[in-house]
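Note sheet for the following structure.
Since every read-out is calculated from the coordinates, none of them should be taken as a lab result. Computed from a predicted model, the values in this text were never measured in an experiment. Cβ sites come from the backbone with ideal geometry, for glycine too, and all protein chains shown count toward neighbours.
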Amino acid sequence: MTDTLTTGFDSATLLSRLGAHESPLGGFGPPPSGVAADAIRLLGGVPADEALPTRQLRAAYDATLSDPAISVAALQYSSAPGIEPLRSWIAGHEGTDPDRVLVTNGALHGLSLLFSAILDPGDTVLVESPTFPLALRLLGHYGAQVVSVSVTEQGLDLDALEDRLRAGLRPKLFYLIPDFQNPTGSTLPAADRARVVALAEQYGFLVVSDNPYRDLRFAGEGVADASLESEVVVRVNTFSKTLGPGLRLGWLAGPRRLIPALTRLRGNNDQHSSLLTQTAIARLLTTPGEFDGILTAAHEIYRERSRALTTELRASVGDVLEFSDPEGGIFLWATASDPELDLSAVQARARALGTDFSLGRYFDPDGAVHHTQNLRLGFSNNSPERLRTAAQRLAEAFHAH
């Protein structure tokens, strides 16, 4: 049982009492209008309270702080790349060498460092459509010109992309979320990953794999990520979805030619990630079986919640919504079968009934003109019972039109 649960409130309830509410971006923000304080929000990518390894983290921090020599060292300054035990573990996890790893304050920090280092205002950046809105905001901050590549049921529309590259399009990088993509929950096929890397090598752009949900597969077969053997591949990841977003700890792994510049930039910005956190997390990760056990528990939680939501949706709203069962991650992407249906009106009715969801157009890199018949449902931080109730409310909202 987690510490938050022993108080009698889950994290969303506690934060809402402080005036913060779950956001479609993930995390918490101001509550949307027309939504009750106790509504079931199928919104951002917040990990399940029950999946947060509070017991293991407490033990790791206690062990770190109970040793006088280690605790004093962990409270001092450190070096920008991150401590060796943590970088070594990450390198093993990524199948690369420690000198190609930079520890960051989460994935978004890694992306910010990378974009700051390589992008100039006006540079072209390829993104999937739909994609993660915060990444779009970050790209906009650095003055990038976004070009979208459609995500289809078969994968990325790489034929269209290759045609544009042949015609002269010259992107600086291609930002991808390859496993359990946000928002679609889809997994990029191995052939598409290999072809993207081949195109990047041919036309001279980076492939940036932002993969925070990769370790949350609870069904199906995994797909190898874009290979770090290529000099055009950069991987960005985080412990936010596995150990907890409050840790603010992640990493970037990439070509040796990039790491020194990124490390200098990082050192000039904030020096390094919390040394105490790095030391405790390295202890947890290097304890045999500990991380695997945490992932196994999370898989069971998300499998059960995904199944509860999809089963109830099929029973109550299967006549108007189409979707595939997730094989991992924390999102369900659905399509309204009636192209004339106004999903904004459905959302308003759902909010009045005590349930909220994210409109698909919110994830459109081209300005909310595509994905208007899609919605994203986050199933991670609600119990199966609440998810079934939410699905029933959605059915009422859909059938009221």
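In this rough spin-label picture, where each label sits 7 Å from Cα along the Cβ direction, the Ser227-Arg55 distance is 4.2 nm. Once the Cβ-Cβ distance of Asn268 and Leu65 is raised to the sixth power relative to R0 = 35 Å, the FRET efficiency obtained is 0.70. Net charge of the neighbourhood of Arg361, taken over other residues with C-beta under 14 Å away and scored Lys/Arg +1, Asp/Glu -1, is -2. A full extension of the chain between Ala348 and Ala36 corresponds to an added length of 111.2 nm, given 0.36 nm per residue minus the alpha carbon distance. Counting neighbouring Cβ atoms within 10 Å and putting the fewest first, the residues Tyr362, Tyr77 line up as Tyr77, Tyr362.
Footprinting exposure proxy ranking of Glu322, Glu50, fewest other C-beta atoms within 10 angstrom first, gives Glu322, Glu50. At R0 = 22 Å, how high is the FRET efficiency between Ser150 and Ala190 if r is their beta carbon distance? Nearest 0.05 is fine. Plugging the Cβ-Cβ distance into 1/(1 + (r/R0)^6) gives 0.70. By the compact-protein rule of thumb, 2.2 N^0.38 Å, the alpha-carbon radius of gyration of the stretch 229-388 corresponds to a ratio of 1.35. In terms of other Cβ atoms within 10 Å, Trp89, Trp251, Trp333 run from fewest to most in the order Trp89, Trp333, Trp251.
Label reach from Asp97 (point 7 Å along Cα→C-beta): in the stretch 63-85, amide nitrogens under 19 Å belong to 81-85. The H on the amide N of Leu321, modeled in the peptide plane, is under 5 Å from the matching H of Ser337, each at least 5 residues off or on a different chain. Each residue of the stretch 364-374 was assigned a 3J(HN,Hα) from its phi angle through the Karplus curve 6.51 cos²θ - 1.76 cosθ + 1.60 (θ = phi - 60°); the sequence is 7, x, 9, x, 6, 9, 10, 6, 6, 9, 10 Hz, with glycine and proline shown as x.
For the stretch 160-277, the relative contact order is 20 percent, taking Cα pairs closer than 8 Å that sit 6 or more residues apart in sequence and dividing their mean separation by the residue count.
Note on the chain: antiparallel DSSP beta bridges, both residues inside, total approximately 55 percent of the bridges counted.
Between Ser116 and Ser337, what FRET efficiency follows from the Cβ-Cβ distance if R0 is 30 Å, with the result rounded to 0.05? Efficiency, rounded to the nearest 0.05: 0.10. Evaluating 6.51 cos²θ - 1.76 cosθ + 1.60 at θ = phi - 60° for every residue in the stretch 107-119, the Karplus couplings come out as 5, 5, 5, x, 5, 4, 4, 5, 5, 4, 6, 10, 9 Hz, glycine and proline recorded as x.
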